[in-house]
1. Condition test on residue 450, is it of a type outside the set (Asp, Glu), closer than 30 Å to residue 156 by Cβ, open to solvent by 50 Å² or more (accessible area, probe 1.4 Å) and in contact (Cβ under 8 Å) with a residue 12 or more places away in the chain?
2. Could you please give the count of residues in segment 1-48 that are open to solvent by 50 Å² or more (accessible area, probe 1.4 Å), of a type in the set (D, E, K, R) and within 25 Å of residue 436 (Cβ to Cβ)?
3. Just checking, which of 154, 150 is open to solvent by 80 Å² or more (accessible area, probe 1.4 Å) and either more than 15 Å from residue 237 (Cα to Cα) or part of a helix (DSSP H, G or I) (or both)?
4. Is segment 220-236 home to any residue that is of a type in the set (D, E, K, R) and under 22 Å from residue 88 (Cα atoms)?
5. Being part of a helix (DSSP H, G or I) and either on the phi > 0 side of the Ramachandran plot or open to solvent by 40 Å² or more (accessible area, probe 1.4 Å) (or both) is the filter here, so list the residues in segment 124-143 that pass it.
6. Being small (Gly, Ala, Ser) and open to solvent by less than 50 Å² (accessible area, probe 1.4 Å) is the filter here; which residues of segment 340-358 pass it?
7. May I ask you to list the residues in segment 416-444 that are part of a helix (DSSP H, G or I), closer than 11 Å to residue 29 by Cα and of a type outside the set (A, V, I, L, M, F, W, C)?
Amino acid sequence: MGVSTFMPLYVGLSGLESMQQAESVVGNNIDNASTPGYAQEQVNFVENEPFPAVPGSGPAVAGQFGQGVAVGSVTRQDDPYYDEQDRQNQGTYQMYATHSSVLTQIQGILNEPSSTSVQNAVDQFFSAWQELSNNPSDDAAKQAVITQGQVVGQTFQVVTQQLQQLQSNLTGVVNGQLAQLNQYAQQLAGLNKQITQVKQSGENPNQLLDEQSNILDKMSQLADITYTPDSAGDGGVDVTVGSGSNAVQVVKDDTYSPFPNATTASSLSTSTPVSLSSLQPQLSSITSGQIAGNVQGYDDASNLLSNIGSFLSNFASQVNGALGGQLFFSYSGGVLSVGITSPSALQTGPSGNAGDNTYAVAMVNLQTTSWTINWNYSQQANGGSSVSQSVTGTPDQQLAAMVSGVGTEASGVTFSENTANALQEQSSQLRQSVSGVSLDEQASYMVEFQNAYAAAAKYITTFQSMMQSLLNMVQP
């Protein structure tokens, strides 16, 4: 028994089929060059089993004959180390960029320096007292003092309300981001199950792994996550949100657990946002991503509101003391109110005489009098945690310290944002060098496989010609 006459035909056919499959992979790469999470795929060719498979067990031939080529597998091209590094850098950059955006909004609310700022309102208040000290019996000057006092209260109230509204907005945003994070985790748990099923069938779940990669990218932009291979070890991942003792494992094999817990998570998507304090301490375990940036911005607004409250409480006490105990200002519930509304009720001196300007002069001197207040600041170098600092100075210096504290932090965050941006761009380039689709490279593969396909087709045509010649020779 000899070698089959048609064996060369099957050899050529294997080349046609393999090159056709390879071209399909190239086309898929080109089509998905911009698809999020997609990693370029590579065709892995293998040599078909030779004939005969066991030397000496088949027909008498001078060795084993090759039987062409086959596509052994199609695999994703990615580097797990580059993927993880890039996700960490993306999360860090998103945190700083988000925090910087919130601080920009806070600086816009303070609006310093400007004619409508709180510092300008306080300065105008003292200017009115300067005018009154020169004309203590002038009712118009007294009314100007009362009016400017009301302007001070109104200006601080506008700032306070805007900061509170910012906090309300941030609370809603963080609720939405946590709900989205949970949705991604639930999708990953489902993907783990599908990946296991495909792996058990002996195939590579490339498309499912692309989806998994895309979801992990999105989760890392929202919060810091850690992920490890699941128990099946077939490409699925277990995911934990946050770090430290308060971290929450949200995906275990094909099981999903919500963050921070099932009870609270069920309320995240309702019309009434869950307060950020209700999400602690798990929320504090998130140290990167957009959620961390928004939480840090929320804390900045809280610190600023506390500082404004401390200033107004002290300011009201100092003013009332300089006026001999007259209740010019009252501070309660975050609102500074003017208690004296009539010029006739405002005394400019202890004697009550029209020309007595003792209190008015004391008020003028108060502008250059120093006192000490404890300010709360977010310290970027300390992970964004709040610190308390005693500040001694005049009212203008106190307000300047409050504003400059926000500006200093904003400057530090912007610097960190720029550094993080450079790092994430670098890691993204490294990642793309492995998994990204190069259209030029795919074009070269297209030509290579096209030429191989044409050569296989030419080989089959040549074999057909040889067979035809043989048939012509044996025909009667």
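1. On the way: of a type outside the set (Asp, Glu): yes; closer than 30 Å to residue 156 by Cβ: no; open to solvent by 50 Å² or more (accessible area, probe 1.4 Å): yes; in contact (Cβ under 8 Å) with a residue 12 or more places away in the chain: yes.
Criteria not met by residue 450.
2. So the count comes out to 2.
3. On the way: 150 fails: open to solvent by 80 Å² or more (accessible area, probe 1.4 Å).
On inspection, the qualifying residue turns out to be 154.
4. Our first condition is that a residue be of a type in the set (D, E, K, R); within segment 220-236, this holds for 224, 230, 234.
From the residues that got through so far, the ones that are under 22 Å from residue 88 (Cα atoms) too are 224, 230.
Yes: segment 220-236 contains one or more residues that are of a type in the set (D, E, K, R) and under 22 Å from residue 88 (Cα atoms).
5. Once the filter is applied, which keeps residues that are part of a helix (DSSP H, G or I) and either on the phi > 0 side of the Ramachandran plot or open to solvent by 40 Å² or more (accessible area, probe 1.4 Å) (or both), segment 124-143 yields 124, 127, 130, 131, 134, 139, 140, 143.
6. At the first step, the residues of segment 340-358 found to be small (Gly, Ala, Ser) are 342, 344-345, 349, 351-352, 354-355.
If the condition is that a residue be small (Gly, Ala, Ser) and open to solvent by less than 50 Å² (accessible area, probe 1.4 Å), then 342, 349 are the ones that fit.
7. Kept after step one, since they are part of a helix (DSSP H, G or I), are these residues of segment 416-444: 416-435, 439-444.
Right, trim to closer than 11 Å to residue 29 by Cα and you get 435, 439, 441-443.
435, 441, 442 - these are the residues of segment 416-444 that are part of a helix (DSSP H, G or I), closer than 11 Å to residue 29 by Cα and of a type outside the set (A, V, I, L, M, F, W, C).
Each row is one residue, and each column tells you yes or no for (1) modelled with pLDDT under 85; (2) exposed (fewer than 15 other Cβ atoms within 10 Å of the Cβ); (3) among the charged types (D, E, K, R).
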{"residue": "50", "(1), (2), (3)": "yes, yes, no"}
{"residue": "57", "(1), (2), (3)": "yes, yes, no"}
{"residue": "63", "(1), (2), (3)": "yes, yes, no"}
{"residue": "71", "(1), (2), (3)": "no, no, no"}
{"residue": "81", "(1), (2), (3)": "no, yes, no"}
{"residue": "84", "(1), (2), (3)": "no, no, yes"}
{"residue": "89", "(1), (2), (3)": "no, no, no"}
{"residue": "96", "(1), (2), (3)": "no, no, no"}
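The values are calculated or read from the model by the stated rules, or taken from the named source; none is laboratory data. Because the structure is a prediction, the values reported are computed rather than measured. Virtual Cβ from ideal backbone geometry, glycine too; neighbours counted across all protein chains shown. SASA here: full protein model, heavy atoms, side chains in, ligands and nucleic acids out. Shrake-Rupley method; radii C 1.70, N 1.55, O 1.52, S 1.80 Å.
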